[in-house]
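What follows is a set of notes on a single structure, which appears directly below.
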There are 4 protein chains.
Amino acid sequence: MADQDSLITQLFDEEEELTDKQKKIIIAAIESFSEKGYAATSTSEIAKKAGVAEGTIFRHYKTKKDLLLGIVAPAMAKLLAPFVIKDLYKVLDTKYEHFEDFLRAMIENRAAFLKKNLPLFKILIQEIPFHPELKEQFTEHIAKKVFDRFIKLTEYYQEKGQIIDLPPQQILRLTITTIMGYFIARYLFLPEADWNDEEEIELTIQFLMRGLAAN
Amino acid sequence: MADQDSLITQLFDEEEELTDKQKKIIIAAIESFSEKGYAATSTSEIAKKAGVAEGTIFRHYKTKKDLLLGIVAPAMAKLLAPFVIKDLYKVLDTKYEHFEDFLRAMIENRAAFLKKNLPLFKILIQEIPFHPELKEQFTEHIAKKVFDRFIKLTEYYQEKGQIIDLPPQQILRLTITTIMGYFIARYLFLPEADWNDEEEIELTIQFLMRGLAAN
Amino acid sequence: MADQDSLITQLFDEEEELTDKQKKIIIAAIESFSEKGYAATSTSEIAKKAGVAEGTIFRHYKTKKDLLLGIVAPAMAKLLAPFVIKDLYKVLDTKYEHFEDFLRAMIENRAAFLKKNLPLFKILIQEIPFHPELKEQFTEHIAKKVFDRFIKLTEYYQEKGQIIDLPPQQILRLTITTIMGYFIARYLFLPEADWNDEEEIELTIQFLMRGLAAN
Amino acid sequence: MADQDSLITQLFDEEEELTDKQKKIIIAAIESFSEKGYAATSTSEIAKKAGVAEGTIFRHYKTKKDLLLGIVAPAMAKLLAPFVIKDLYKVLDTKYEHFEDFLRAMIENRAAFLKKNLPLFKILIQEIPFHPELKEQFTEHIAKKVFDRFIKLTEYYQEKGQIIDLPPQQILRLTITTIMGYFIARYLFLPEADWNDEEEIELTIQFLMRGLAAN
DNA sequence: CATGAATGAGATTTCATTCAT
DNA sequence: GATGAATGAAATCTCATTCAT
């Protein structure tokens with residue numbers, strides 16, 4: 001519960017004044033949505049899991065979809081976006097002199113973050129293809145911001161002669177694809193296989209480095 | 001319709017003797033499931049789209065879930081599995097002398113295949129996490145078969161000194177992850193972005209080659 | 001099967017020319033109706049049990065109800081009625097000098113008959129309350145005929161001073177009630193209890209004799 | 001309605017807090033089940049008769065079968081069992097010195113009771129053969145309890161030399177069979193015949209007395 | 001705020017019956 | 001006669017949502 005409380009405080013501002021029940025609803029909804037998918041989860045199920053009357057959900061969220069958005073939107077705005085963007089700043093502050101250092105910092109951070117917020121991550125991945133609103137929010141909050149910064153960052157390392165001279169968009173695509181590919185395989189497709197995370201991450205970094213290093 | 005007919009003939013043996021209506025049901029179900037997801041698709045919707053009475057669906061499939069499995073199971077067994085495995089044979093017949101040739105053949109083939117069977121592919125990707133039966137079938141039909149062959153294939157190229165000396169499982173993971181990462185981004189997450197497929201594929205191959213080449 | 005064939009030949013005249021399939025349908029229907037009740041039995045279930053296509057049932061019987069009546073009506077007319085009435089004749093032919101002999105013959109005969117035709121008997125008992133047509137047939141074929149004969153028979157034994165001087169209707173009611181009560185308890189309510197049939201029947205006869213004997 | 005309310009209060013504890021609609025559902029279900037049988041009664045029919053939305057039924061009872069059990073179980077536990085057993089106590093308190101007094105009290109009481117709760121009685125009789133759960137409950141709540149007491153009671157009268165020296169189980173079987181036989185004929189099979197209840201009951205008692213009296 | 005009974009639209013499923021072959 | 005695919009009406013059941021308390 002300490003864990004979930006921290007999730008809640010991360011997701012919502014203090015002024016938002018969530019009641020106890022509302023918090024429980026959010027936690028229950030995240031759990032159910034991530035396990036069975038949005039469409040296959042009933043509100044009554046969420047209510048039961050939250051220990052709350054069925055009507056209570058609808059005091060706080062006009063519709064079931066509202067509940068989804070009420071979870072995913074702040075998750076993107078408050079959790080994912082800042083986190084995704086975070087280190088991208090530091091590079092230009094010359095925090096990471098080498099692309100490899102940057103990669104390593106980024107991946108390790110993200111891995112820890114994803115593991116902690118796995119359910120939210122699963123909801124995002126699974127529901128985005130079905131809800132245009134989510135896709136919009138995603139592009140709005142994440143894609144755009146990442147894109148600009150990453151372009152600059154890539155150019156920075158390219159100028160330093162560290163990475164290959166490809167259009168930055170493609171560097172971006174390959175990087176994200178490789179990293180996300182690992183995470184999706186790891187957490188969505190074969191979560192029960194036994195993974196040696198540290199080794200896989202190092203492997204992934206080395207692979208990326210070889211693939212993107214200037215020759 | 002010619003297109004779908006070919007899909008049907010690929011998915012089902014001739015002896016199975018599907019009636020006309022049953023074919024229409026399958027086509028409609030594939031379309032709807034892939035667009036809205038299994039749980040969010042109603043059988044009445046499928047019936048309407050197929051131009052069939054709702055009862056007709058249940059004459060052929062005892063439950064809605066049966067319908068899903070009745071589509072996905074043959075899709076894996078008849079379509080996906082042979083296709084995925086196909087070129088893996090040829091390598092040992094020294095069809096592809098260089099790993100790069102193999103990669104290129106494999107990716108190009110798969111890309112064409114996926115584009116043609118996109119809806120089935122989407123259903124697979126989206127529903128596997130929610131249906132243990134599907135996951136089992138997947139491991140059974142696809143994962144196991146690919147795994148063994150790919151190991152041998154990797155060792156073959158490693159002996160020829162063409163690719164890096166990593167455990168074959170990891171070569172496999174990186175290869176699949178990179179390729180699937182592209183496809184998922186391309187077709188599931190950002191299908192409407194305008195992609196230059198040829199260029200991206202070539203890029204991906206080069207990236208993989210650099211990442212996996214023996215130094 | 002020999003058994004069922006004999007049932008069929010008892011139920012239907014030879015001229016009726018039942019096809020093989022029709023016989024199977026009848027046998028299957030009797031089995032299912034008696035086990036689960038008419039309303040809870042589906043025609044498709046009967047078809048499957050009979051090894052016959054669903055449509056075949058409706059070639060022979062316009063409706064499901066027709067099938068019920070097509071079984072129960074001949075069962076009453078051909079099987080039950082003659083059997084019930086049978087010994088009632090003999091009495092007046094002075095076959096049975098004592099009421100007790102008559103009772104014993106009647107009960108033992110009936111018991112054997114019921115055991116052999118239990119499913120039909122169950123259908124009759126269970127469905128009569130819900131189908132006015134059956135009730136009518138029952139009164140028509142059985143009740144009326146029995147009634148008249150039994151009245152005479154009772155008077156015969158009353159004149160001989162063997163049984164108590166009550167209105168024959170009441171003698172009839174008590175007799176039937178006692179006998180049927182035993183059969184219903186035995187076969188419908190507690191069929192799986194272990195009954196010593198011979199003993200119970202003898203007991204029942206003695207009980208009836210004491211209850212009805214002229215003092 | 002006053003009548004049904006009393007039925008409801010008899011069937012359910014006050015703490016159970018049935019809503020008004022739930023009561024209406026129960027009353028409607030009892031009526032329909034007893035008239036047409038469980039399998040032939042649709043939930044929509046019950047809903048309409050109860051003046052309630054169909055969904056409301058399923059809010060209170062997960063399945064249609066649950067509704068049946070939710071009616072029959074308390075009917076056995078609260079109504080039938082106490083009633084059946086009731087006078088059996090009194091005998092040993094020397095309330096009834098003669099077996100005949102006991103019989104008369106028992107039958108008259110039960111007749112009144114049955115007439116009042118006819119629908120419930122019909123449901124019980126008609127559905128027990130098809131639902132193992134009901135049969136179990138019946139043996140549990142009724143049969144077992146009656147059995148023990150009746151054995152003792154019989155021995156009591158046997159010691160007093162009032163009834164015949166048969167194994168008590170058989171005395172029990174004959175007694176119940178005779179009484180129930182009357183009730184079933186009276187209320188299930190020929191309810192519309194015109195019965196002179198008082199006379200029939202007296203007749204039945206006399207018959208039983210003669211049949212069971214010690215000679 | 002919270003409850004939970006009630007709703008009614010709709011989802012899944014069953015089933016008697018029809019009909020072209 | 002026999003088949004079994006197809007039907008559509010109806011049955012069972014689910015569920016998001018409302019509302020009186």
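The values are calculated or read from the model by the stated rules, or taken from the named source; none is laboratory data. Bear in mind that the values here come from a model prediction, so they are computed numbers and not experimental data. Note that each Cβ is placed from the backbone with ideal geometry, even for glycine, and that neighbours are counted across all protein chains shown. Quick note on the areas: whole protein, heavy atoms, side chains included, nothing else; ligands and nucleic acids left out. Shrake-Rupley method; radii C 1.70, N 1.55, O 1.52, S 1.80 Å.
Annotation for the range C:118-136: at least one member residue is of a type in the set (V, I, T), touching a residue at least 60 places away in the same chain (Cβ under 8 Å) and more than 16 Å from DNA strand E (Cβ to nearest atom). Of all residue pairs spaced 6 or more apart or on separate chains, those with beta-carbon atoms under 6 Å, a first member in the range B:192-215 that is more than 8 Å from every other protein chain (Cβ to nearest Cβ) and a second member that is among the small types (G, A, S) and not in a helix (DSSP H, G or I) are B:A214/B:G161. Kindly indicate whether A:A50 is open to solvent by less than 20 Å² (accessible area, probe 1.4 Å), within 14 Å of DNA strand E (Cβ to nearest atom) and either away from every other protein chain (no Cβ under 14 Å) or over 23 Å from B:P129 (Cβ atoms) (or both). So A:A50 fits the description; yes.
B:G70: within 16 Å of DNA strand F (Cβ to nearest atom), over 23 Å from B:Y187 (Cβ atoms) and either in the same structural domain as B:I128 (by TED's automatic domain parsing) or in contact (Cβ under 8 Å) with a residue 12 or more places away in the chain (or both), yes or no? It is true that B:G70 is within 16 Å of DNA strand F (Cβ to nearest atom), over 23 Å from B:Y187 (Cβ atoms) and either in the same structural domain as B:I128 (by TED's automatic domain parsing) or in contact (Cβ under 8 Å) with a residue 12 or more places away in the chain (or both). From the list B:E14, B:E97, B:E45, the one residue that fits, being out of contact with any helix residue (DSSP H, G or I) (no Cβ under 8 Å at 6 or more places or on another chain), open to solvent by 40 Å² or more (accessible area, probe 1.4 Å) and not assigned by TED's automatic domain parsing to the domain that holds B:E136, is B:E14.
Counting only residues that are open to solvent by 40 Å² or more (accessible area, probe 1.4 Å) and not β-branched (V, I, T), which one in the range A:78-94 is modelled with the lowest pLDDT?
Restricting to residues being open to solvent by 40 Å² or more (accessible area, probe 1.4 Å) and not β-branched (V, I, T), the top hit is A:L92.
Could you check, for the range A:59-81, whether at least one of its residues is farther than 30 Å from A:E155 by Cβ and touching a Gly at 6+ places or on another chain (Cβ under 9 Å)? Looking for residues that are farther than 30 Å from A:E155 by Cβ and touching a Gly at 6+ places or on another chain (Cβ under 9 Å), one finds at least one in the range A:59-81, hence yes.
Return yes or no: is C:K135 basic (K, R), surrounded by 17 or more Cβ atoms within 10 Å (Cβ to Cβ) and more than 19 Å from C:R110 (Cβ to Cβ)? So C:K135 passes the test. Count of the range C:53-65 residues, restricted to those that are within 23 Å of the chain's Cα centre (by Cα) and surrounded by 14 or more Cβ atoms within 10 Å (Cβ to Cβ), is 1. Residues being within 16 Å of DNA strand E (Cβ to nearest atom), among the β-branched types (V, I, T) and free of Cβ contacts under 8 Å to residues at least 24 places away in the same chain are entirely absent from the range C:81-100. Residues in the range C:107-148 that are of a type in the set (K, R) and more than 23 Å from C:L172 (Cα to Cα): C:K116 alone.
Check the range C:23-37 and report whether any residue there is within 14 Å of chain D (Cβ to nearest Cβ), within 16 Å of DNA strand F (Cβ to nearest atom) and not basic (K, R). Yes: the range C:23-37 contains one or more residues that are within 14 Å of chain D (Cβ to nearest Cβ), within 16 Å of DNA strand F (Cβ to nearest atom) and not basic (K, R).
Of a type in the set (G, A, S) and away from chain C (no Cβ under 12 Å), is that true of D:A111? It is true that D:A111 is of a type in the set (G, A, S) and away from chain C (no Cβ under 12 Å).
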